[in-house]
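K.L.:
This is the structure I want to talk about, given as structure tokens.
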Amino acid sequence: MGTVVDAPAVVAEEVAVNTLGGKKVTVVFVLGGPGSGKGTQCANIVEHFGFTHLSAGDLLRAEIKSGSENGTMIENMIKEGKIVPSEVTIKLLQEAMIKNENDKFLIDGFPRNEENRAAFENVTKISPAFVLFFDCSEEEMERRLLGRNQGRVDDNIETIKKRFKTFVESSLPVIEYYNSKDKVKKIDAAKPIPEVFEDVKTIFAPYAPKVVFHI
């Protein structure tokens, strides 16, 4: 009898943990080094599986552009070479999820480090469904970044090496943490884009929109 009584408490806790703005949300963290192709695959997931794509960097840039007091504070911190506090980025992500009518979110390039990760779970009380990790060798990422002509200032050899080093030192511990909880879905991102998306589709199959046939 005891187990029957205990069961609802566990369910109730689960619902409370992943509820935001009165709705139950599904969050997937998307991580991968620079040039791993995660941006391309995020666009595919949005198109085929109905997720909303949130980029922490884009939200910070939009806040700066808005000219708000918060935006000015963020801009000044970046100018001074300081790291924007986790809470600031998390609040922006939280607001974006609440405002959006969707309940399925891809959070791209976040958490960047262990401190981000712990703060996100503490502030939002949301635990990700899983972490989608685009695994790609440094050589392959370097080749891609040098080959793309988007005119990005940060796409020269020295900067690429620094960005990759930062990713390994900061983000890999996050991946290891979630791996210990069996929450990492690793993708071989060195393969051609269509093949990578086939792997992605297998992972996201449970989240496919339900097709209703009218007879």
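The values are calculated or read from the model by the stated rules, or taken from the named source; none is laboratory data. For clarity, every value in this text was computed on a predicted model and none was experimentally measured. Because the Cβ atoms are built from the backbone with ideal geometry, glycine has one as well, and the counts that use them run over all protein chains shown. Areas reflect the complete protein model, heavy atoms only, side chains present, ligands, DNA and RNA absent. Shrake-Rupley method; radii C 1.70, N 1.55, O 1.52, S 1.80 Å.
K.L.:
What tally of residues in the range 87-105 results from selecting those that are without any contact (Cβ under 8 Å) to a residue 60 or more places away in the chain, open to solvent by less than 30 Å² (accessible area, probe 1.4 Å) and either within 19 Å of residue 30 (Cα to Cα) or part of a loop (DSSP other than H, G, I, E, B) (or both)?
P.N.:
So the count comes out to 5.
K.L.:
Could you tell me whether the range 206-214 includes any residue that is in a helix (DSSP H, G or I), open to solvent by less than 70 Å² (accessible area, probe 1.4 Å), more than 25 Å from residue 26 (Cα to Cα) and of a type in the set (Ser, Thr, Tyr)?
P.N.:
no
K.L.:
Counting only residues that are modelled with pLDDT under 85 and at negative phi, which one in the range 21-47 is surrounded by the most Cβ atoms within 10 Å (Cβ to Cβ)?
P.N.:
33
K.L.:
Of the residues 81, 67, 50, 109, only one is exposed (fewer than 15 other Cβ atoms within 10 Å of the Cβ) and touching a residue at least 60 places away in the same chain (Cβ under 8 Å); which?
P.N.:
From the options 81, 67, 50, 109, the qualifying one is 50.
K.L.:
Yes or no: residue 121 closer than 23 Å to residue 168 by Cβ, out of contact with any Asp or Glu (no Cβ under 7 Å at 6 or more places or on another chain) and surrounded by fewer than 19 Cβ atoms within 10 Å (Cβ to Cβ)?
P.N.:
In short, yes.
K.L.:
When you scan the range 157-198, how many residues do you find that are more than 23 Å from residue 127 (Cβ to Cβ), exposed (fewer than 14 other Cβ atoms within 10 Å of the Cβ) and under 17 Å from the mean Cα position of the chain (by Cα)?
P.N.:
Residues meeting the conditions: 1.
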